Amino acid sequence: MNTRSVHTAAFFLLAATLAGTLRAQSPASLTVDLDRPKATVSPTLYGLMTEEINYSYDGGLYAELIRNRTFRSDWTGVLNWFVVEKGSSSAKISVDSGTGPSAALAGSAKLEVTKADTGNPAGILNEGYWGMAIRPNTEYTGSFFSKGEKESPVPVQIALVSDQSGKVLAKTSVSVSGTAWKEYRFSMRSGTVAASSENHLELTLDRPATLWLQLVSLFPPTYRNRANGNRADIMEKLAAMRPSFLRFPGGNYLEGNRIETRFDWKKMIGPLVDRPTHPSTWSYHSTDGMGLLEFLEWCEDLRMQPLLAVYGGYSLGGQVVKPGPDLEPYVQDALDEIEYVTGGPDTKWGAVRAKNGHPAPFSLSWVEIGNEDNFDKAKTYDGRYAQFYKAIKAKYPKLEIIATMPVSGITPDIVDDHYYKREQGMFELVRHYDQADRKGPKIFVGEWATREGSPTPNFGSALGDAAFLTSLERNSDLVVMAAYAPLFVNVNPGGMQWSSDLIGYDALNSYGSPSYYTQVMFASCLGDKIATSGLTGGGDKFFYSATSTVKSKACLKLVNAASTPQPVSITMNGLGSGTHTARIETLRANTTWATNTITEPERIVPVPSKLTVRGEKVEYTLPPYSIQVFEIDLK
Ligand code: AHR
């Protein structure tokens with residue numbers, strides 16, 4: 001043990017003794033046989049699950065800055081858009097459902113400027129998703145569809161403006177001409193401004209005129225500069241998790257509250273102007289800018305395999321499509337969707353994908369049928385699953401078909417288990433897969449989370465998560481994939497529909513919860529073999545996992561969820577008598593309630609240290625409330 005570890009352990013023991021109340025947990029004895037692998041670690045164990053919830057895409061990962069770019073309205077008027085009248089000018093905005101640039105967007109906003117001049121412009125402003133992040137020396141690219149009342153050109157001034165000072169941070173203009181719908185593109189650059197999110201976009205005219213507008217869009221630079229792409233800060237956080245797959249598009253979002261509001265993928269491909277948008281399950285409207293191809297490109301960018309969930313004939317409100325002829329169109333839709341993902345440009349749907357900008361097919365190994373079909377009161381999943389299974393296997397025999405619950409009649413390739421629990425509940429779950437049947441289907445834990453803390457999980461949750469992850473690693477011969485949910489939350493008021501979400505953000509910043517860092521740490525040393533191991537003694541809040549990559553490294557995860565230190569004698573058979581270096585990452589906190597926030601994002605982050613291991617035995621003391629990952633060189 002190195003000096004730092006000795007000191008850490010000694011400090012906690014001394015503090016405990018002085019306080020007179022804290023006593024170390026009963027000593028544990030952990031034996032790991034590095035030369036006797038028990039089973040293979042699933043290389044796809046860690047992945048991501050995602051859906052439109054908590055403003056995950058709109059107002060989240062999807063980098064669009066304009067909120068309600070398609071001018072939806074309610075009884076209060078056009079949502080998120082407001083009239084700007086400077087000086088003596090005068091303007092009005094209304095919805096015109098009779099004219100739009102496409103069949104999908106058949107309506108538009110009618111902007112009537114009745115009085116304006118160069119010193120007194122008028123128009124509209126967009127508030128963004130709880131503001132608009134503007135950074136210094138940054139290029140913003142935008143577009144809109146428009147038409148005028150007359151043939152004569154109408155200049156439109158476009159500006160990013162500070163909410164508080166009214167200062168123009170970036171500006172440009174375009175000239176709208178003619179009475180036919182056309183798309184206008186623009187870009188503008190900020191100067192040496194301070195980064196902030198208290199900004200908005202203004203579109204103004206310097207003369208009386210009437211214009212119709214639709215699909216006003218504005219993007220900052222995106223991850224890997226993708227058009228219609230994703231926020232770089234959030235993508236970087238995901239990359240650090242080393243995810244091997246992405247389960248999309250849900251979750252409840254896949255099912256919709258009604259059949260018509262399901263994830264209807266054919267309405268979410270191609271140019272944005274051809275996407276009608278739809279109401280999502282989670283009480284807000286989806287722009288559908290994150291459509292099927294965008295999910296696939298997200299996979300491509302982070303080198304994840306897609307895990308495609310297809311609509312399975314059950315919607316959340318209880319509507320069911322009966323197995324048999326009624327279900328056939330939905331099965332065909334799923335087959336078309338798989339062809340869109342995997343087909344060559346010579347196939348019908350592969351050609352559509354190529355036309356949408358991605359000629360190369362994506363590889364696909366898993367298709368999931370529906371989501372949480374145990375809620376189907378009519379109990380039709382056996383029949384629905386079988387119908388999808390047979391049709392998909394007939395055309396794509398290599399695809400593994402995931403069931404969302406146990407089914408009878410057919411043995412699914414994989415069954416998706418979901419767990420949402422408090423910390424205590426997670427501890428109780430830790431032995432669950434140790435005893436599970438190995439003869440049945442493989443397991444995908446498609447959603448799981450310890451739910452303590454809001455909007456993002458606190459350290460108690462991280463301890464519950466870490467304990468659960470040790471059990472997944474130990475059993476990853478059976479549990480082949482797992483993904484935490486929900487992944488994202490916009491922390492602004494009204495942004496959250498489901499609490500305890502892995503990564504939080506506002507318009508400008510994002511942060512990882514302690515649970516996020518736990519997953520980053522666990523995925524950093526997965527190993528490829530599960531080591532034979534045994535534990536005696538120790539408190540009931542001590543958890544571990546031991547894996548290795550032969551002749552390369554051993555990975556040891558130690559979790560002490562107790563408030564007192566946990567002494568442990570570790571024997572690693574196979575290390576030999578030499579000296580080995582262990583790189584340690586430690587995540588710890590003083591209480592289970594401690595957490596990270598958008599304003600204090602790094603209170604709890606992994607701290608690296610090193611330990612020199614001499615021989616095969618180590619006497620070690622885990623600090624209270626701690627999660628540690630040891631990567632031990634075997635070379
Ligand atoms: O993750 C939040 C929700 O929990 C998912 O949409 C649903 O599948 C589950 O009930």
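Odds and ends about this structure:
- Each Lys and Arg contributes +1 and each Asp and Glu -1, all at the Cβ; summed about the Cα centre of the chain, the dipole is approximately 1040 debye.
- Two-site FRET efficiency, D117 against E198, from Cβ-Cβ distance with R₀ of 35 Å, rounded to 0.05: 0.75
- Global geometry of the range 54-210, whether rounded, prolate or oblate, following the gyration tensor of its Cα atoms and the 1.5 cut on a/c: oblate
- Partnerless cysteines, meaning none of the other Cys C-beta atoms lie under 4.7 Å away, in the chain: C299
- Listed residues P412, S577, L272: farthest to the positive end of the dipole of the chain (Cβ charges): S577
- Gain on full stretching of the segment that runs from T536 to N509 - 0.36 nm per residue minus C-alpha separation: 5.2 nm
- Euclidean distance between Cα centres, the range 169-231 to the range 458-528, Å: 36 Å
- Here's how it looks for Y419: its modeled amide H is under 5 Å from those of E447, W448, A449, which are all 5 or more places away or on a different chain.
- Solvent-accessible area of the range 145-263 (1.4 angstrom probe, protein heavy atoms only): carbon and sulfur portion equals 48 percent.
- Straight-distance crosslink candidates among lysines, where the alpha carbon sits under 18 Å from K86 and sequence neighbours closer than 8 are dropped: K115, K167, K171
- Here the dipole of the range 213-263 is about 140 debye; that uses its Cα centre as origin and unit charges on the Cβ of Lys and Arg (positive) and Asp and Glu (negative).
- Only lysines eight or more places from K110 in sequence, or on another chain, were considered; those with a Cα closer than 18 Å are K92, K147, K150, K182.
- Note on K635: lysines with a C-alpha under 19 Å away, same-chain residues under 8 apart excluded, are K529, K551, K553, K610, K617.
- Among A116, F145, S552 the positive-end extreme of the charge dipole of the chain (Cβ point charges): S552
- Average Cα contact separation per residue, the chain, under 8 Å, 6 or more apart, as relative contact order %: 18 percent
- For the chain, the longest site-free run once chymotrypsin sites (Phe, Trp or Tyr not before Pro) in DSSP loop states with at most 16 other Cβ atoms within 10 Å are removed: 285-592
- Amide H contacts under 5 Å for D163, placed H, 5+ residues apart: N199, H200
- Charge dipole (debye, nearest 20) of the range 73-219; +1 at Cβ of Lys and Arg, -1 at Cβ of Asp and Glu: 300 debye
- Taking a ≥ b ≥ c as the square roots of the Cα gyration tensor eigenvalues, the range 191-273 comes out oblate, since a/c reaches at least 1.5 and a/b does not exceed b/c.
- Computed FRET value (nearest 0.05) for E151 with K348, which takes r as the C-beta separation and R₀ as 35 Å: 0.25
- Look at the alpha carbon pairs under 8 Å that are at least 6 residues apart: their mean separation over the length of the range 575-635 gives a relative contact order of 55 percent.
- The range 359-383 and the range 240-262 have Cα centres lying 11 Å from one another.
- Distance from the Cα centroid of the range 49-104 to that of the range 578-619 is 46 Å (rounded to whole angstrom).
- Residue range of the chain that is longest and free of GluC sites (Glu not before Pro) which are both DSSP loop and sparsely packed (at most 10 other C-beta within 10 Å): 152-601
- With protein chains left intact and a 1.4 Å probe, residues in the chain average 39 Å² of accessible area per residue.
- Computed E for T581/T76 - FRET, C-beta separation, R0 45 angstrom, nearest 0.05: 0.10
- The relative contact order of the range 35-184 comes to 17 percent, based on Cα pairs under 8 Å that sit 6 or more residues apart.
- Think of the chain as having a plus end and a minus end, set by charges on the Cβ of Lys, Arg, Asp and Glu; of A232, S471, P37, P37 sits farthest toward the positive end of this dipole.
The values are calculated or read from the model by the stated rules, or taken from the named source; none is laboratory data. Since the structure is predicted, the reported quantities are computational estimates derived from the model, not experimental observations. A quick note on method: Cβ atoms are made from the backbone with ideal geometry, for glycine too, and the neighbour counts reach across all protein chains shown. Areas reflect the complete protein model, heavy atoms only, side chains present, ligands, DNA and RNA absent. Shrake-Rupley method; radii C 1.70, N 1.55, O 1.52, S 1.80 Å.
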